[in-house]
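Working notes, beginning with the structure itself.
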Amino acid sequence: MKVWNWLREHVIAIVGTLVVIYMLLPIAVIFAFSFNDPTGRYNFNWVGFTTKHWSNAFGIPELNEALLMSLKLAVLATLISTVIGTLMALALVRHEFRGRRLSNFLIVIPMATPEIVIGSALLSFFLILGSPALGFQTLLIAHVMFCISFVVVVVRSRLIGFDRNLEEAAKDLGASAFTTFRLITLPLIAPGIFGGAMLAFALSIDDFVISNFNSGTTVTFPLYIFGAAQRGIPVEVNVIAMILFFTTSGAMAFVTWQQRRAEKMASVRPDQEGAPVVPVAG
């Protein structure tokens with residue numbers, strides 16, 4: 001009975017731990033095989049430990065070009081989708097207009113639609129428009145399209161829980177609309193914006209299906225891996241994948257810290273001692 005009672009009390013923690021292990025196990029395998037020293041082209045069997053691939057992670061020119069292309073594409077897609085998505089989230093949460101409910105519904109469609117459907121539809125769209133050639137421009141348009149929805153959802157959830165009394169207090173103190181947005185609204189929703197941007201970046205740099213339809217002769221990092229898998233994936237791919245993973249993990253940890261900081265700021269009421277003072281305009 002003691003064992004059963006202990007399991008009932010800790011079942012959520014046990015299941016959560018098992019789920020986390022299940023999710024991180026493939027990443028642990030990639031990390032381990034980034035130190036492998038295969039004798040041939042295929043890095044599927046453990047041969048021996050070496051760090052030479054980490055010291056020469058960027059030694060393959062074609063891999064470097066594909067990685068730089070993916071980074072350039074992801075950065076531009078993230079910047080564009082974050083700006084548009086944030087403005088859309090503000091409009092959907094703060095303003096009433098005709099078609100608002102329909103807009104909220106349409107935002108979710110790209111998230112629920114299979115990537116192969118989006119990729120083939122975009123390819124048909126570009127061909128109907130008579131696009132001269134598929135390449136970086138068509139990839140950027142495609143990535144911005146599916147990234148916007150995720151940014152809107154993340155920022156909108158942040159805005160829904162936003163305390164509008166803080167903005168009202170700033171206006172009562174004489175702050176203009178722009179000053180209120182710059183000093184109150186933007187700092188408090190910044191973690192949501194940054195989180196949406198990081199999600200858009202991760203989705204863009206990781207995308208294969210939509211990119212495969214609309215890339216033309218442009219090769220991104222996922223497309224390079226797919227092509228290399230047919231002739232043997234270099235160990236350097238695992239190394240670069242782990243570098244991207246550690247970088248993304250660090251960025252998400254920073255987002256989590258910023259969210260907790262923003263929650264503490266939002267919990268402060270204007271009439272509390274130590275509350276932030278907004279400078280009076282003029």
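The values are calculated or read from the model by the stated rules, or taken from the named source; none is laboratory data. Note that the structure is a prediction, hence the values are computed from the model and not measured. Here Cβ is always computed from backbone atoms with ideal geometry, including for glycine, and neighbour counts include all displayed protein chains. Note: accessible area is taken over every heavy atom of the protein model, side chains too, but ligands, DNA and RNA are not part of it. Shrake-Rupley method; radii C 1.70, N 1.55, O 1.52, S 1.80 Å.
Among the conditions (1) open to solvent by 50 Å² or more (accessible area, probe 1.4 Å); (2) touching a Phe, Trp or Tyr at 6+ places or on another chain (Cβ under 6 Å); (3) closer than 21 Å to LEU139 by Cβ, ILE84 misses just one, which is (2). Whether a residue is under 17 Å from SER211 (Cβ atoms), open to solvent by less than 10 Å² (accessible area, probe 1.4 Å) and part of a helix (DSSP H, G or I) was assessed, and ALA170 does not pass this test.
A quick yes/no check of all residues on (1) open to solvent by 30 Å² or more (accessible area, probe 1.4 Å); (2) within 28 Å of SER124 (Cβ to Cβ); (3) in contact with a Ser or Thr (Cβ under 9 Å, 6 or more places away or on another chain):
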residue: ASP207; (1), (2), (3): no, yes, yes
residue: PHE213; (1), (2), (3): yes, yes, yes
residue: THR218; (1), (2), (3): no, yes, yes
residue: LEU223; (1), (2), (3): no, yes, yes
residue: GLN230; (1), (2), (3): yes, yes, no
residue: GLU236; (1), (2), (3): no, no, yes
residue: SER249; (1), (2), (3): yes, no, no
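Residue by residue, here is whether (1) under 16 Å from ILE80 (Cα atoms); (2) surrounded by 13 or more Cβ atoms within 10 Å (Cβ to Cβ) holds:
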{"position": "ILE116", "(1), (2)": "no, no"}
{"position": "PHE136", "(1), (2)": "yes, yes"}
{"position": "LEU139", "(1), (2)": "yes, yes"}
{"position": "SER149", "(1), (2)": "yes, yes"}
{"position": "LEU159", "(1), (2)": "no, yes"}
{"position": "PHE162", "(1), (2)": "no, yes"}
{"position": "THR180", "(1), (2)": "no, yes"}
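The residue list LEU79, LEU68, LEU63 contains one member that is open to solvent by less than 70 Å² (accessible area, probe 1.4 Å) and not in a loop (DSSP other than H, G, I, E, B), which is LEU63. Residues of region 204-232 that are touching a residue at least 40 places away in the same chain (Cβ under 8 Å), within 23 Å of SER131 (Cβ to Cβ) and assigned to a loop (DSSP other than H, G, I, E, B): ASP207, SER215, GLY216, THR217, THR218, VAL219, THR220. Count of region 20-46 residues, restricted to those that are open to solvent by less than 80 Å² (accessible area, probe 1.4 Å) and farther than 18 Å from PHE245 by Cβ, is 3.
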